Amino acid sequence: MADPSDRSSDPILHDLDRARADLQAAIGRGDVRAIEILRLRCDALEARWHRGMRARIERVRRATPAPASPARLNASVYPIPPMPRATGVGVCLSGGGSRAASASMGELRALRHLGLLDRVSTLSTVSGGTWAGTTFTYLPSDITDDEFLGGVVPDPGDLTWSHWSGEDPARALDVLDAHALGSLATRIGLVEFLAKAAELYLDYGDSPHVLWCRAVGALILEPFGLGAMTGRGTPATDFTDGKSWLEAAILSHNPALSASDFEVVQKPGRPHLVTNSTLFYPAGVHLRRPAPGSPALEPYPIEASPTQVGVPFPLARAIGGGFLDPFAFGGHAPAEPPAGGRVDVATPTDRFSLSDIAGASSSAFVGPLIDAFGAGHPWLQDMDPIYSCWPVTSGTPIPAQRYYVGDGGNLENTGIMALLRRGITRIVAFVHSETPLSWDSVVKQVVIDGQIPPLFGLMPKTAGQPYQPYPPPPAPVPSSAAPFRYNQVFPVSAFYALIDQLWKASQAGGSAICLQADVPVQDNAHFGVSGVGPVTVLWVYTNPVRAWRDALSDVVKLGMDFEPWLYRTFPNYGTVLQLHLEPRQVNLLAHLACWNVINEQSIGGMPSNAELLRRLFGG
């Protein structure tokens, strides 16, 4: 393969350089017709070059032999809780597919702009928020945070519909860097996921259960230089924390492993990442086609971080509980119980990779794939991820069993539980909802996303009826509310204070934002939450913001009105039907999400958004 750095060896690059030079000359002359023709030529040549490079990379990748692995690994096991009580501020990036990833780009951008991102200790993510959290945490050192998060535009009136020469590209809604976090939303959709999964299925003949996570790796992680696969289509690397952790905690106990076997956190100061998924108990019951007489599947939390993965509390059941080094997860149980905080295990058949944590946490999209394409592609019926899990905390070896692991939103979509488990008492909860706030005039109550009421012991709202508390088990509840019946950690009274303040702020024309101080936390055995004192939570809810919309230029407003099929639901894009987003859709949502954090203006006599953030961070 020709050296990509030698531009003279690639005729397409040579033509592209010439076309760009001609374009610059036309711009200098003010030749509008030539400019438009040359823009199209440059775009076509660039797209052709990228296709060629992808084909070359794919040929090299498929020719790369799988690295040899040692027969056995020595791993750390971790007690419950998995770490000392955490301090600092925790940030939740909720689920919501491409909407969540795009909003997260703006929110992380805003925290960085305010100088607060380095003060975040823990980042708890679900589903589309995990796409953002994984790429942000493991971002390669050669991609800058300026590229990844984009520029801040405090005044919405400065945003432009199109980019023109000499203008700041951060203001242009049609400009989205290929390395921007939100660019992932432009590369995916149900059709794209189906095509990639089918390609992997046909090329490698692997179990359908691995295909979703590997498709996520290929479409979401690989464009950022993450989640590479070997020539036989399996993950090429494990993952862990930074280089010093890798050397001290892993390589010193496993001399047959090397640094090249791992993706590490490269950028200093990144928060500790926790990704949230759902484990379905018991093993052996099909997630979608249970055999007659099978017990009902029960959802439990399972989480992964750069340093450990597992079920975050002990269970009096076969899955046990406790944490294991990620590089040793997913295989057979050890022949001997752990000793001295370490255990010897057989090397798992497949590496547990970044594509697994990003894919398992976001696997809610498997259902829509089956609904849309399952009739023509029967193998989709078995695409839900499955992993082997054994009770780490057990004193005697118990065989591993294979459990379905699904989207974190199947159980709790905000990510707040992982922070409470760690005793974090200052939390920013970014709720990337598909449901804008509304008013139920029949019962005179605010309607909010159905994942929020269960945190306060209430069932998701039914139109025309007031919020209802969950009855004590085993009393039946509606099927839509059943997965969340054990989610209560906050008192009911705090819920009504929350929705009333969110509604008040929104009706005043501002962001749907609410700072709740000294909220009591109830112990919750189902989620492993215990002994947590009162917490302060800043809720930031994705919702239309009149003050921000009114400040947009007439050109931007007209552009949005001209394409209602793209912007009618802005900023609450559909999780499934709008999984694929255009650059302008991504940028508009990211800029609004950023403004929801950095706005210094008081609206309706309430503190500014930035002031609420500073209060939470204590300065």
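No value in this document is a laboratory result; all are computed from the given coordinates. Bear in mind that the values here come from a model prediction, so they are computed numbers and not experimental data. So basically every Cβ, Gly included, is an ideal-geometry build from the backbone, and we count neighbours across all protein chains shown.
Some points to look at:
- Summing Cβ point charges (Lys, Arg +1; Asp, Glu -1) relative to the Cα centre of the chain gives a dipole of roughly 740 debye.
- By the beta-carbon count within 10 Å of each Cβ, the least crowded to most crowded order of Thr234, Thr87, fewest first, is Thr87, Thr234.
- The modelled label-to-label distance between Arg48 and Gln522, using points 7 Å beyond Cα along the C-beta direction, is 6.5 nm.
- Proxy reagent accessibility, fewest Cβ within 10 Å first, across Cys594, Cys92: Cys594, Cys92
- Shape call, region 433-499: gyration tensor on alpha carbons, a/c limit 1.5: prolate
- Ranked from largest, the principal axis spans of the Cα set of the chain equal 79, 63, 51 Å.
- Per-residue Cβ neighbour rank within 10 angstrom, fewest leading, Trp245, Trp212, Trp164, Trp548: Trp164, Trp245, Trp548, Trp212
- When DSSP beta bridges are restricted to pairs lying wholly in the chain, around 60% turn out antiparallel.
- Loop-located trypsin sites (Lys or Arg not before Pro) in region 246-348 whose Cβ has at most 16 other Cβ within 10 Å (DSSP): Arg288, Arg317
- Using C-alpha pairs below 8 Å separated by at least 6 residues, the relative contact order for the chain is 19 percent.
- Cα gyration tensor shape of region 176-330, rounded if a/c is under 1.5, else prolate or oblate by comparing a/b with b/c: oblate
- Amide N of region 200-234 lying under 17 Å from the label point, which is placed 7 angstrom from the Cα of His286 along Cα→Cβ: 207-210
- Lysine pair count for the chain (Cα-Cα distance under 21 Å; residues 8 or more apart in sequence or on different chains): 4.
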